[in-house]
Amino acid sequence: MMWTDEIAAAGARIAPYVQRTPVLVSTSLGLDFPVEMKLEQMQHTGSFKARGAFNTLLSQDVPEAGLVAASGGNHGAAVAYAAHTLGHRARIYVPQIAGPAKIDLIKRLGADLQVVEGVYANALAGARQWEAETGAIQIHAYDAPATVAGQGTCLAEWEGQGLEADTVLIAVGGGGLIAGSMAWLDGRRKVVAVEPQNCAALTRALQAGAPVDVDVSGVAANALGATRIGDICFGLAQAQGIETVTVTDAAIVDAQAVLWRNLRQLVEPAGAAALAALLSGVYRPDPGEKVAVLICGGNIAPDPLG
């Protein structure tokens, strides 16, 4: 697949429907070097997921049965928003660990919401059953070409906004965002995958030589809690030999606090995970290495404004 062509086409396709999110360079994070950041938590529904959702719906016919998606929360909200915007029916499955803020957001967007026990994998099983029973199309959260191409528009947009970094740190759950980023960059910049220690599906897959099932838990599990890395992400990561690092829950919470105290950016744990790798020192740039962090989500729970 010619990923760069697919991502460029996706960017043109979704441009009328998504936000061009802001970027900044900060020297106010307590580090001795500046950090470029893209604030993708300011995207529609509070995460980058709207990009993949719109690209998927705009690049195929949607049947009368509508669409179905499984999600830890952010993908479900994005699919619900895209479906509402484009006039389609949507049924969304989420696990209980999605949390009240994300569940309430999906409800407000008018989707048929199904909350299931367990983790993301349980929601995916429910969505697949509904797909088989009704003929609704499945909008996969991370392991589908249209989803990956849509998420890749984030890095394409960032480069158009003047990204200077040698290295981009990106949080990983199922791998859609980092897969799109790797696909677009194609080795032109270093990509570092950041995972919570308790949700390290990509790290484990690269160690094993193939995607494997992992246990997930912790503060970021409702966004980064895929129990198995996507095949597309794994293939790109293995081919490009990307570096992975893991961060503790405590480091993620500390990064959330720094973003709020120093920049007044309120983000969810997943949104702070990539920055946590720098603040905690598990990723140390070489002298002169320019680094960037993708802030990927802002649906904090509980909702600070109730």
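The values are calculated or read from the model by the stated rules, or taken from the named source; none is laboratory data. If you're wondering where the values come from, they're calculated on a predicted model, not measured in any experiment. Neighbour counts run over all protein chains shown; Cβ positions are idealised from the backbone, glycine included.
A few notes on this one:
- Candidates Gln197, Gln240, Gln207, filtered to the one that is free of Cβ contacts under 8 Å to residues at least 12 places away in the same chain and either more than 28 Å from Ile103 (Cβ to Cβ) or surrounded by fewer than 18 Cβ atoms within 10 Å (Cβ to Cβ) (or both): Gln207
- Selection count where residues are at pLDDT 95 or above, surrounded by 22 or more Cβ atoms within 10 Å (Cβ to Cβ) and not in a strand (DSSP E or B), scope the range 280-306: 1
- Filtered residue count, the range 90-132, keeping only those that are within 20 Å of the chain's Cα centre (by Cα), closer than 17 Å to Ser217 by Cα and among the small types (Gly, Ala, Ser): 4
- Failed item, numbered, when Ala255 is tested on (1) within 26 Å of Asp166 (Cβ to Cβ); (2) surrounded by fewer than 20 Cβ atoms within 10 Å (Cβ to Cβ): (2)
- Within the range 275-303, the set of residues being of a type in the set (Val, Ile, Thr), closer than 17 Å to Thr27 by Cβ and within 17 Å of the chain's Cα centre (by Cα) comprises Val293, Ile295.
- Residue within the range 214-221 that is over 19 Å from Val35 (Cα atoms), touching a Lys or Arg at 6+ places or on another chain (Cβ under 6 Å) and in the same structural domain as Glu289 (by TED's automatic domain parsing) present: yes
- Residue within the range 165-175 that is in a helix (DSSP H, G or I) and within 19 Å of Phe48 (Cα to Cα) present: no
- Residue in the range 115-133 that is β-branched (Val, Ile, Thr), closer than 17 Å to Asn74 by Cα, surrounded by 18 or more Cβ atoms within 10 Å (Cβ to Cβ) and at pLDDT 95 or above present: no
- All strands (runs of 3 or more DSSP E) inside the range 9-107 with 1 or more residues being β-branched (Val, Ile, Thr), buried (at least 24 other Cβ atoms within 10 Å of the Cβ) and not assigned by TED's automatic domain parsing to the domain that holds Lys290: 67-70, 90-95
- Count of the range 225-240 residues which are over 16 Å from the mean Cα position of the chain (by Cα) and polar (S, T, N, Q): 2
- Selected residue (only one of Ala121, Ala132 is among the hydrophobic types (A, V, I, L, M, F, W, C) and in contact with an Asp or Glu (Cβ under 9 Å, 6 or more places away or on another chain)): Ala121
- Of all residues in the range 230-275 being of a type in the set (S, T, N, Q) and in a helix (DSSP H, G or I), the one that is nearest to Gln207 (Cα to Cα): Gln238
- Any chance Thr227 is surrounded by 15 or more Cβ atoms within 10 Å (Cβ to Cβ), in contact with a helix residue (DSSP H, G or I) (Cβ under 6 Å, 6 or more places away or on another chain) and in a strand (DSSP E or B): no
- Residues that are over 22 Å from Leu24 (Cβ atoms) and surrounded by 21 or more Cβ atoms within 10 Å (Cβ to Cβ) are absent from the range 152-170 altogether.
- Filtering Thr147, Thr134 for residues that are polar (S, T, N, Q) and more than 24 Å from Glu268 (Cβ to Cβ) leaves a single hit, Thr134.
- The single condition among (1) modelled with pLDDT under 95; (2) crowded, with 17+ Cβ neighbours inside 10 Å that Cys233 does not satisfy is (1).
- Filtering the range 186-224 to residues that are under 17 Å from the mean Cα position of the chain (by Cα), hydrophobic (A, V, I, L, M, F, W, C), modelled with pLDDT of 95 or more and in a helix (DSSP H, G or I) leaves Ala201, Leu202.
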